[in-house]
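The values are calculated or read from the model by the stated rules, or taken from the named source; none is laboratory data. Note that the structure is predicted; figures quoted are calculated from it, not measured. Methodologically, a virtual Cβ is constructed for each residue, glycine included, from the backbone with ideal geometry; neighbour enumeration extends over all protein chains shown. In case anyone asks, the SASA skips ligands and DNA or RNA and just uses the protein heavy atoms, side chains included. Shrake-Rupley method; radii C 1.70, N 1.55, O 1.52, S 1.80 Å.
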Amino acid sequence: MIPVALLPTLLQHTQEDFWFPTQAARDASLVDELYYFIFYVSLFAFIAIVLATAIFAVKFRRSKVGLVPEDSPHHSTSIEIVWSVIPSLFMVAMFWYGFQDFVATKQIPDNAYEIQVKAKKWDWKFVYPEGVESFGGNIDMNDGGEGMVVPLGRTISVRMESADVLHSFSIPNFRVKMDVVPGRYTYLWFIPTELGEYPLYCTEYCGTRHSRMLGKVVVKSEEDYAVWLEDQVIDLATLPPAEAGFEVWKKNGCAACHSTAGVNGIGPFLNNRYGTTETLTDGTSVTVDDNYIRESILDPNVKVVAGFSPVMTSFAGQLNDDEISYLIAYLKSLNE
Amino acid sequence: MPSTNTLDRTNYLNATKGFMSWFWTIDHKRLGLMYLWSVIACFILGGFYAMKIRLTLSGDVDFATQTAEQMNAYNNAFTVHGAVMIFLVIIPSIPAALGNFVVPLMLGTKDVAFPKLNRFSYHLWIIGAVLFVATLFIGNLDTGWTFYPPYSTGHTDPSVITAVLGAFILGFSSIFTGLNFIVTIHKMRPPEMTWFKMPLFLWAIYATALIQILATPVIGISLLLILVEKTMQIGIFTPELGGDPVFFQHLFWFYSHPAVYIMILPGMGVMSELIATFCRKSIFGYKSIALASIAIAIFSFIVWGHHMFVSGQSELMSVIFSALTFSVAVPSAIKVFNWIATMYKGSIAFTTPMLYGMSIIWLFGIGGLTGLFLATLGTDVYFHDTYFVVAHFHYVMVGSALFGFLGGIFYWWPKMYGVVVDNMASKIACLLAFVGFNMTFMPQFIGGSKGMPRRYAAYGESAGFDGYNEASTLGSMVLMTGLVLALGSLLVSLKNGKKSPANPWGGVTLEWQTPSPPPEHNFEIDPPVVGDPYDMTLVEWKGEEEGFLPVNPRADAPCVADVKPSA
Ligand code: HEM
Ligand SMILES: [Cu+2]
């Protein structure tokens, strides 16, 4: 078949080019090659369409041919068969290659290194087999996260779950994407081939801060990765409580909604907050003390500060008592 | 010889007067016009939100400082824009507005089969539209036009309820309209008009009506289930309540994919009329175009899963849906080839409606071809939920369906209002719309292939998408200018437009055999001569004043021989 014969010449594009972001994972080239195959077939078809209409428009314009055109056939079975069958053949080829690639990218290799992705409105958390965790990492947002860190060249599988609504996990440079569906696990996998940092997007609409549900993937060499993992294993008990609290704060992505620099986001800013009195949505007021903070973490929507919406999800089950105490210590330390 | 086309003759527009004579009418022509203006009003509303989207994205707000309110406002804007444009504009545009006006005329009958049901459809439509618009005031609808749970049922405000009720009622309006057209086309064709002597517009409307009555009930039920879950906490889609969110997507797309053909098939029907009339040539491959409409209608029911390749549906299903999706692309391609072949050795007149027609060939070419990238599994996983998809569906829904609507309005405007709009302004309007449209959506293809996700209230600088957004916004200004000018040229013509003869363009279908605008009961003789709908030798040009007239008029045909001022 023609498409097959043309393929090699059409597929000269690799790496960065006009259409795509750089390839940073092994199977990214599959998508690009397939894209260029369809692209050139379509381009050819489109140019044919444009040329035909343009030429006919000029040649057979009424001001030239007059009101009564010369006779021409009203149909032609052979032409109609040709222009049905040839496009169909190309479409069969498109389907076939697409199907092959899809199957290839869906089968998760057995020996993969599994990172868990926990999605919730509106941040990403990554849990590594070693028990280490990280989150977020978007450059423009400056959320303090380190992103999802992965070792170069290893087969990584990602197991995803959502705590609330649909999300979708997308890394354009790797050409991977999969919805994160509450109530079930979904998976994807890749083999990173280029060192560097790559954006991560949520691509299924998930509410107010959908556009801020961002992160990054950091590809490190095996050695750097090992070092990084080691650095992450922090024994909170050895730190002063406020510093331990800061670690908990970072790990759980609190900064996605709460600033510590005095500006309100989705939630109220939390510096200089300890000890103040807040008015709640129901008009009553409350003093920000240890108990209120604890309640706000475990059961956040019982007492919501006036002017904010009850959108925070509970951290019950995710934070233990020690961690909550550290957080309280951290918030206290933010009073000037 | 006095012409038959003057407005002083009694016609359906001036036969009766007053609000109730319109609001309570059962005349398909008046209902068609009321749909037309209602749809245009909704289009202006949807367009306002479109501009809000564009202005937000091209830098009105800054990524770092954008507040939650501003994000919500953006999310609301794309939801309202999408929902209004789809449910209140594109879906009713050609079938309800043009279809109502044209179908009985093309059949040579007095009205549709069930005129009162037709009026009821319109009133339901108004109720649905009002509920929809009400959501704008009671809350901050922000689910996207797709209403995906569990977000829509458990995580957002109650305006979902009115929106969903509105869409439910609009659905009934659509079902009744479809039912009416099916019965009308089956039962009221003149005896000489066999199925294969039927104008292609009727084939398209018929195929559309099939989809309307078969698919719309499913969206009705799905939306009701959303209501049930949201108001009574009965678990259908939300996992915590024991439901399955992917199930909703199946139900939703089971309707909404066929619905995209509710949007495009009528546009293709208009296109077939335009191309034949303005090439003054029998349409090439009549039968294959007619049958392609039916094929599209049938296949459109078995491809919905192509919206769900990354949703978590089984991989086997994805593979099957991908294969089936190509089956819709083939008949679509065949139509395009037939239109182009019709131009060959034609006598092509670049009138305003034809300019829209020619635009459609190119824009639908792009829209359809980019559909191939999305039908292919390997590439769709990458493009899904990026601006590539956004660009794709605007090429088909705006570039093809809406342009078809506009082409149809300009084509049948003489029949509707007795005036021809085919001047410099209306042609420049089409050109501006064409250029502006491409400027708006072409950059979105590139952004999408760079990975730009859709439904984002802002993009960080490091993402590198700002250029595409600015180009797109610039384009949308040009597009808007074109559309405003087009509407302006129509409105101006109502005051002092060029009077139209019965048949200004040379169409052979029956609606051109009655005066413009037609009398209340459509035809003064009954039934008019039925010939081959695309045999252009049946009419000949008699000059500006009289337009095209039948070569062998029936002796009693009043619109040919003389005027009998009828009242
Ligand atoms: C040549 C035929 C076509 C093919 C092969 C095709 C294919 C596709 C595919 C596979 C998708 C899903 C992409 C994704 O979400 O990842 C899609 C999306 C879409 N298409 Fe098409 N399409 C075609 C024609 C049309 C037409 C004629 C219309 C409407 C008039 C249309 C409207 C849409 C819409 C609205 C969406 C996106 C819906 C959403 O996610 O909001 N398509 N198309
Ligand atoms: Cu579809």
Query - Among (1) in contact with a His (Cβ under 8 Å, 6 or more places away or on another chain); (2) facing another protein chain (nearest Cβ under 10 Å) - the single one A:ALA119 does not satisfy - result: (2)
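Each row is one residue, and each column tells you yes or no for (1) in a helix (DSSP H, G or I); (2) away from ligand 1 (no atom under 15 Å from the Cβ); (3) farther than 25 Å from B:PHE410 by Cβ.
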site: B:HIS306; (1), (2), (3): yes, no, yes
site: B:VAL310; (1), (2), (3): no, no, yes
site: B:THR325; (1), (2), (3): yes, no, yes
site: B:VAL330; (1), (2), (3): yes, no, yes
site: B:VAL336; (1), (2), (3): yes, no, no
site: B:ALA341; (1), (2), (3): yes, yes, no
site: B:ILE361; (1), (2), (3): yes, no, no
site: B:ILE366; (1), (2), (3): yes, no, no
site: B:LEU369; (1), (2), (3): yes, no, yes
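Hey, any hits in the stretch B:359-373 for a residue that's modelled with pLDDT of 95 or more, within 16 Å of ligand 2 (Cβ to nearest atom) and hydroxyl-bearing (Ser, Thr, Tyr)?
We begin by selecting, within the stretch B:359-373, every residue modelled with pLDDT of 95 or more; these are B:359-373.
From what is left, the residues that are within 16 Å of ligand 2 (Cβ to nearest atom) are B:364, B:367-373.
With the extra rule that they be hydroxyl-bearing (Ser, Thr, Tyr), the set shrinks to B:370.
Yes, the stretch B:359-373 contains at least one residue that is modelled with pLDDT of 95 or more, within 16 Å of ligand 2 (Cβ to nearest atom) and hydroxyl-bearing (Ser, Thr, Tyr).
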Report task. Within the stretch B:244-279, track down each residue that is away from ligand 2 (no atom under 16 Å from the Cβ), open to solvent by 20 Å² or more (accessible area, probe 1.4 Å) and not hydrophobic (A, V, I, L, M, F, W, C). Result -> B:ASP244
Query raised in the report: Can you name every residue in the stretch A:95-116 that is facing another protein chain (nearest Cβ under 7 Å) and either farther than 26 Å from B:PHE321 by Cβ or touching a residue at least 40 places away in the same chain (Cβ under 8 Å) (or both)?
Result: A:TYR97, A:GLY98, A:ASP101
Query raised in the report: (1) in contact with a strand residue (DSSP E or B) (Cβ under 8 Å, 6 or more places away or on another chain); (2) within 12 Å of chain B (Cβ to nearest Cβ); (3) more than 30 Å from B:TYR151 (Cβ to Cβ): which one isn't true of A:ALA52, the others all being true?
Result: (1)
Report summary line: Filter the stretch B:133-152 for residues that are in a helix (DSSP H, G or I) and open to solvent by less than 10 Å² (accessible area, probe 1.4 Å); the one that is nearest to ligand 2 (Cβ to nearest atom) is B:SER152
Query raised in the report: Which residue pairs have Cβ atoms closer than 8 Å, lie 6 or more positions apart in sequence or on different chains, and pair a first residue in the stretch B:248-265 that is within 14 Å of another protein chain (Cβ to nearest Cβ) with a second residue that is part of a helix (DSSP H, G or I) and more than 11 Å from ligand 2 (Cβ to nearest atom)?
Result: B:PHE248/B:SER222; B:PHE248/B:LEU225; B:PHE248/B:ILE226; B:PHE252/B:ILE219; B:PHE252/B:SER222
Query raised in the report: Scanning the stretch A:197-214 for residues that are more than 7 Å from chain B (Cβ to nearest Cβ) and touching a helix residue (DSSP H, G or I) at 6+ places or on another chain (Cβ under 8 Å), which turns out surrounded by the fewest Cβ atoms within 10 Å (Cβ to Cβ)?
Result: A:TYR198
Report summary line: Of (1) under 22 Å from the mean Cα position of the chain (by Cα); (2) among the aliphatic types (A, V, I, L, M); (3) more than 16 Å from ligand 2 (Cβ to nearest atom), B:LEU316 satisfies every one except (1)
Query raised in the report: Looking at B:VAL270, is it β-branched (Val, Ile, Thr), within 14 Å of chain A (Cβ to nearest Cβ) and in a helix (DSSP H, G or I)?
Result: no
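Being within 24 Å of B:GLY32 (Cα to Cα) and at pLDDT below 95 narrows it down to one of B:SER489, B:SER566, so name that one.
Selected residue: B:SER566, the only one of B:SER489, B:SER566 that is within 24 Å of B:GLY32 (Cα to Cα) and at pLDDT below 95.
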Requested in this report: Just give me the residues in the stretch B:281-290 being open to solvent by 30 Å² or more (accessible area, probe 1.4 Å) and either of a type in the set (Phe, Trp, Tyr) or within 9 Å of ligand 1 (Cβ to nearest atom) (or both), in sequence order.
Outcome: B:TYR286
Query raised in the report: Among the residues of the stretch B:25-43, is there at least one that is away from chain A (no Cβ under 13 Å), within 30 Å of B:PHE465 (Cα to Cα), in a helix (DSSP H, G or I) and open to solvent by 10 Å² or more (accessible area, probe 1.4 Å)?
Result: yes
**Report entry** Where B:MET193 falls short, out of the listed (1) buried (at least 18 other Cβ atoms within 10 Å of the Cβ); (2) among the aliphatic types (A, V, I, L, M); (3) without any contact (Cβ under 8 Å) to a residue 60 or more places away in the chain
**Finding:** (3)
Query raised in the report: What tally of residues in the stretch B:313-335 results from selecting those that are under 16 Å from A:PHE99 (Cα atoms) and of a type outside the set (Asp, Glu)?
Result: 14
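Can you tell me which residues in the stretch B:291-303 are surrounded by 23 or more Cβ atoms within 10 Å (Cβ to Cβ) and either of a type in the set (A, V, I, L, M, F, W, C) or within 12 Å of ligand 2 (Cβ to nearest atom) (or both)?
Scanning the stretch B:291-303 gives B:ALA292, B:ILE296, B:ALA297, B:SER300, B:VAL303.
Okay, residues lined up against (1) closer than 22 Å to B:ILE219 by Cα; (2) at pLDDT 95 or above; (3) more than 9 Å from ligand 1 (Cβ to nearest atom); (4) out of contact with any Cys (no Cβ under 7 Å at 6 or more places or on another chain):
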site: B:PHE254; (1), (2), (3), (4): yes, no, yes, yes
site: B:ALA259; (1), (2), (3), (4): yes, no, no, yes
site: B:GLY269; (1), (2), (3), (4): no, yes, yes, yes
site: B:SER272; (1), (2), (3), (4): no, yes, yes, yes
site: B:ALA297; (1), (2), (3), (4): yes, no, yes, yes
site: B:ILE302; (1), (2), (3), (4): yes, no, yes, yes
site: B:VAL319; (1), (2), (3), (4): no, yes, yes, yes
Query raised in the report: Can you spot a residue in the stretch B:384-391 that is at pLDDT 95 or above, within 30 Å of B:ALA457 (Cα to Cα) and under 15 Å from the mean Cα position of the chain (by Cα)?
Result: no
Query - Candidates A:TYR128, A:TYR40, A:TYR36, filtered to the one that is closer than 24 Å to B:ILE360 by Cα, surrounded by 15 or more Cβ atoms within 10 Å (Cβ to Cβ) and more than 7 Å from every other protein chain (Cβ to nearest Cβ) - result: A:TYR40
Query raised in the report: Which residues, counting only those in the stretch A:69-90, are within 29 Å of B:PHE350 (Cβ to Cβ) and within 7 Å of chain B (Cβ to nearest Cβ)?
Result: A:PRO69, A:GLU70, A:SER72, A:HIS74, A:HIS75, A:GLU80, A:TRP83, A:PRO87
